[in-house]
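Visitor: Here it is, the structure, as structure tokens.
The values are calculated or read from the model by the stated rules, or taken from the named source; none is laboratory data. Computed from a predicted model, the values in this text were never measured in an experiment. Here the Cβ positions follow ideal geometry from the backbone for every residue, glycine too, while neighbour counts run over all protein chains shown. Surface areas here come from the heavy atoms of the whole protein model, side chains and all, with no ligands, DNA or RNA. Shrake-Rupley method; radii C 1.70, N 1.55, O 1.52, S 1.80 Å.
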Amino acid sequence: MNLTVLLIMISIFVVAIVLIIVTLNLIQQKKNKQIKDIIDNLEIEKNKINSTPIAPELAKIESFLKNEKLESMYNDWKERLENIKNKQIPKLTDMLIEADYSLSQMDYRSAMYKIAKLEMEIYKVRTNSDFLLGEIKDITSSEERNRAIITKLKSTYRDLYQKFISTEIEFGEVAKPISLQFENISKRFEVFEEAMENNEYTEVTQIIKSIDEMLEHMNVLIEEVPPIVLMATNILPKRIREIEDTYNVMVKTGYPLDYLNVDYNIAEANKKISDVLDRANVLNLEDSLFELKVLLDYFDSLFGDFEKEKVERQNYEDTNHKFKTKLDKINNLVVEIFEQLNELKTVYKLSKEDMNLLNEVRDELKGLNADYKVLMDHTGNNTFAFSKLTKEIENLFLRLVAIEDTLDNSLDAIGSMREDEVRAHQQLEEIKLILKDSKAQIRDYNLPVIPQSYFTELKEAQAAIKEIVYELDKKPITITTLNTRVDTARDLVLKLYTKTREMMKTAMFAEMAIVYGNRYRSGVDDVDKNLMYSEILFFKGEYKKSLELSINTLNHIEPGIYNKLLKLYGDEK
């Protein structure tokens with residue numbers, strides 16, 4: 001049993017060892033194949049380099065060897081080709097063999113290192129080979145390519161020349177140098193033909209480049225010279241004359257335009273126009289059109305400045321007229337106020353604040369007049385632009401309005417004093433009339449008794465009236481005290497008038513109730529007794545108690561008698 005188990009275990013171990021060996025062998029074979037494939041691909045790349053058609057292209061050059069420069073280039077290319085064929089390619093072959101040998105020895109690390117160096121070297125040789133082939137083809141294919149390019153350039157030349165001929169008059173003085181430039185370009189085409197005939201292919205490229213640049217410049221000339229000539233010889237000179245005419249007229253009519261520096265800027269503009277034309281005659285148009293447009297914009301803006309000055313002058317004159325009118329009015333008013341100030345002081349008791357306010361107005365007005373005089377001096381000297389003068393007069397106007405507001409407040413205070421005095425006189429007469437009416441009502445009804453409190457209030461009202469008269473006669477008048485006296489007297493008199501009306505109404509109502517109740521005296525004992533007592537109260541002057549007793553007595557006999565009597569009294573009234 002133990003022997004069988006041992007045999008099985010040995011068998012399993014052997015099988016495992018075999019499997020491991022087989023697996024490792026398969027992995028090694030796969031790795032060998034991958035590296036081998038890389039080496040084979042690199043060998044293919046080397047063969048492609050070796051088969052590059054440099055030699056056939058170089059052979060074509062032999063038929064072009066008509067000048068020393070091309071012959072020198074041919075010898076250089078031939079030497080570089082021999083270097084590639086005899087040195088660089090064999091070196092690649094040796095490196096391939098070394099890499100393959102390392103792989104055969106299963107020295108994978110060394111093999112991969114040699115493969116990396118080989119890849120770099122192949123890239124270097126392929127670059128040299130491609131660059132050499134490109135240089136050679138530039139010559140071998142140059143005739144066909146250059147002919148195609150020069151054909152297009154000639155077509156461009158004809159189009160530009162035709163456009164120039166059809167619009168030559170628009171070029172002015174610059175037409176002659178442009179015509180000469182066309183001749184120069186034509187000569188460059190002839191130089192091209194000579195170079196092609198002599199197989200001077202190295203020079204052809206530069207010739208073509210120069211023709212292309214000249215045509216590009218000519219295209220710019222054809223597009224920009226006409227507008228430059230038009231602006232420099234027609235539009236701008238005309239605009240400058242208009243500016244000069246307008247400027248001179250405005251200066252003569254009193255416009256201060258020195259701040260615009262018109263004369264200096266016109267002189268500089270003429271210099272710039274002359275410079276642009278000079279440069280155009282040598283076909284230098286750099287920034288010329290832009291500079292002329294800047295000048296045109298500047299002169300256009302001057303017209304705007306002129307119109308602005310005209311508007312500002314009108315605004316200034318209108319504002320100045322309004323300001324002068326208002327200033328004279330306020331100056332005269334302040335003079336009148338201070339001329340009457342002593343008289344006002346004798347009539348009214350002016351406060352310290354009122355006096356300070358008037359003095360402040362006079363001082364500020366004095367400063368404003370001085371500043372206005374300075375402004376008028378500047379206006380007469382034509383020193384500043386009307387736009388600036390307008391701002392100055394507007395600032396002065398704002399100060400004048402502030403002074404006017406302060407003065408109005410002061411005049412309102414003085415005017416209020418006058419109004420309060422007049423109103424006090426008027427209210428005094430009204431109070432006297434009310435008091436007189438109260439006395440007349442008392443006399444007209446002929447009450448049997450007038451309460452002592454009535455006479456007390458009458459004396460208070462009369463004393464208050466005398467206080468009003470006293471304040472009005474006193475000089476200077478203290479308005480606050482006068483107003484207090486008027487209010488007090490008015491309240492006392494109105495209170496007395498109201499009391500008189502109520503007392504008269506109550507007495508008349510009490511008397512009517514007694515008279516009305518006489519019809520029930522004979523029939524009801526209590527009625528007669530109460531009415532007798534009511535009469536006694538009436539003649540004592542206790543009219544309210546008499547009325548209440550009569551009404552309460554009659555209400556037992558005739559309910560609602562109070563409203564009935566009230567209605568009757570009202571109808572009589």
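Visitor: Restricting the search to the range 192-226, which residues are in contact with a Lys or Arg (Cβ under 9 Å, 6 or more places away or on another chain), part of a helix (DSSP H, G or I) and of a type outside the set (V, I, T)?
Guide: Correct list: M196, E203, S210, M214.
Visitor: Scan the range 242-258 and report the pairs whose first residue is polar (S, T, N, Q) and whose second residue is in a helix (DSSP H, G or I), with Cβ atoms within less than 6 Å and a gap of 6+ or a chain change.
Guide: Sorted first by the residue in the range 242-258, then by its partner, the pairs are T246/F306.
Visitor: Right, here's the next one. Inside the range 259-317, can you point out the residues that are open to solvent by 40 Å² or more (accessible area, probe 1.4 Å), farther than 29 Å from N184 by Cα and of a type in the set (V, I, T)?
Guide: Of everything in the range 259-317, those that are open to solvent by 40 Å² or more (accessible area, probe 1.4 Å), farther than 29 Å from N184 by Cα and of a type in the set (V, I, T) turn out to be V294, V311.
Visitor: Still on this model: Out of (1) in contact (Cβ under 8 Å) with a residue 24 or more places away in the chain; (2) farther than 30 Å from D300 by Cβ; (3) surrounded by 15 or more Cβ atoms within 10 Å (Cβ to Cβ), what's the single condition that is false for I207?
Guide: Of the numbered conditions (1) in contact (Cβ under 8 Å) with a residue 24 or more places away in the chain; (2) farther than 30 Å from D300 by Cβ; (3) surrounded by 15 or more Cβ atoms within 10 Å (Cβ to Cβ), the odd one out for I207 is (1).
Visitor: Also, I was wondering about something else. Give just the number: which of (1) at pLDDT below 90; (2) under 35 Å from the mean Cα position of the chain (by Cα) does E286 not satisfy?
Guide: That leaves (2) as the condition not met.
Visitor: What is the one condition in (1) more than 14 Å from L236 (Cβ to Cβ); (2) in contact with a helix residue (DSSP H, G or I) (Cβ under 6 Å, 6 or more places away or on another chain) that E307 does not satisfy?
Guide: (2)
Visitor: Taking R241 and the conditions (1) closer than 25 Å to D300 by Cβ; (2) open to solvent by less than 80 Å² (accessible area, probe 1.4 Å), which numbered condition does it fall short on, given that it satisfies the others?
Guide: (2)
Visitor: When only residues in the range 22-71 that are at pLDDT 65 or above and not in a helix (DSSP H, G or I) count, which is nearest to D100 (Cα to Cα)?
Guide: Among those that are at pLDDT 65 or above and not in a helix (DSSP H, G or I), it is S51.
Visitor: Right, next: Can you name the condition, by its number, that L428 falls short on among (1) open to solvent by 30 Å² or more (accessible area, probe 1.4 Å); (2) at pLDDT below 75?
Guide: It is condition (1) that L428 fails.
Visitor: Considering (1) farther than 30 Å from S72 by Cβ; (2) surrounded by 14 or more Cβ atoms within 10 Å (Cβ to Cβ); (3) of a type in the set (K, R), say which one R158 fails and leave the rest.
Guide: Checking R158 against (1) farther than 30 Å from S72 by Cβ; (2) surrounded by 14 or more Cβ atoms within 10 Å (Cβ to Cβ); (3) of a type in the set (K, R), the one that fails is (2).
Visitor: Determine which single condition E309 fails, assuming it passes every other condition in (1) under 30 Å from L180 (Cβ atoms); (2) touching a Pro at 6+ places or on another chain (Cβ under 9 Å).
Guide: Unmet for E309, out of (1) under 30 Å from L180 (Cβ atoms); (2) touching a Pro at 6+ places or on another chain (Cβ under 9 Å): (1).
Visitor: Please determine, by comparing only the residues of the range 528-573 that are in a helix (DSSP H, G or I), at pLDDT below 75 and of a type outside the set (D, E, K, R), which one is farthest from the chain's Cα centre (by Cα).
Guide: I561
Visitor: Next question, about the same structure. Which ones in the range 161-191 are among the charged types (D, E, K, R) and either outside any helix (DSSP H, G or I) or surrounded by 16 or more Cβ atoms within 10 Å (Cβ to Cβ) (or both)? Before you say what the answer is, go through the steps one by one.
Guide: As a first pass, look at the range 161-191 and keep what is among the charged types (D, E, K, R): 163, 168, 170, 173, 176, 183, 187-188, 190.
The answer is R188, and nothing else.
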